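One structure is given below, encoded as structure tokens.
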Amino acid sequence: MNSRNRLIIILTTIAGIFLAGGGWLLSERQQEGGPLYSSSSGTPQVGGPFEMVRHDGVTVTDADYRGRNMLIFFGFTFCPDVCPTELSKIAEVMDILGDDAQKVVPIFVSVDPGRDTPEAMADYVSAFHDDMVGLTGSQEQVNSIAKAFKVYHKKVITDPDNPQDYGMDHSSVIYLMGPDGKFVAPILPNSIPDQMAALIKQYI
Ligand code: NI
């Protein structure tokens, strides 16, 4: 997608989270050492139960990740730029976290289940990090988890002669979820891995 569309999606995502959370996103950039974000005005309704197919073909639910923090990002394996960039950064964050990485599961959720089979997801996530989990599923499962996480996704056909070569516009916020499965903090695009790791360490 072009940068204008990407900006619109980012702003739409932030607006959605803002509306869901009642102002917490803009509420504070806290004193030194404090968290970048706080949920003092109520935890936003981001996330929730899901059932998806993992990259090894096994059906999993959100409950399978209780006890660890999910670092969750939505995209698709054919994504030309944003997804590979963000997933590379997540992989770097996992390495920066060191021993704390055991507390974190990086999860890449497909918004393109038509092409992202479990096998395709397995090939893709393994190229970024050994710990990375790929989740896909039926269109209904994908729609459901995307709705729960307030993730915008839309198929875009740029060449009508080759409709199979479509792209997907999608939100590119990374969510940090807690060991209880509840939303903790967003990690906004353009964060660098050191910042991301520092933010995560405040919560895990
Ligand atoms: Ni992408």
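All of the numbers you see were taken from the coordinates with simple rules; none came from a lab. None of the values given here were measured: they were computed from a predicted structure. Methodologically, a virtual Cβ is constructed for each residue, glycine included, from the backbone with ideal geometry; neighbour enumeration extends over all protein chains shown.
Quick notes
- Applying the Karplus relation 6.51 cos²θ - 1.76 cosθ + 1.60 with θ = phi - 60° to segment 83-94 yields 3J(HN,Hα) values of 4, x, 5, 5, 5, 5, 5, 4, 4, 5, 4, 4 Hz, where x marks Gly and Pro.
- Relative contact order of segment 68-182, pairs being alpha-carbon contacts under 8 Å that are 6 or more residues apart, as %: 37 percent
- Pairs with C-alpha atoms separated by more than 19 Å, drawn from the list K89/K201; K147/K201; K89/K155; K103/K201; K103/K150, are K147/K201; K89/K155; K103/K150.
- Segment 59-180, dipole about Cα centre (Lys/Arg Cβ +1, Asp/Glu Cβ -1), debye to the nearest 20: 480 debye
- Span from the segment 179-201 Cα centroid across to the segment 105-159 one, whole angstrom: 20 Å
- In straight-distance terms, cross-link reach from K182 covers every one of the aspartates and glutamates whose alpha-carbon lies under 12 Å from its own, apart from those fewer than eight places away in the same chain; here that gives D62.
- Loop-located trypsin sites (Lys or Arg not before Pro) in segment 111-194, at most 10 other Cβ atoms within 10 Å (DSSP): none
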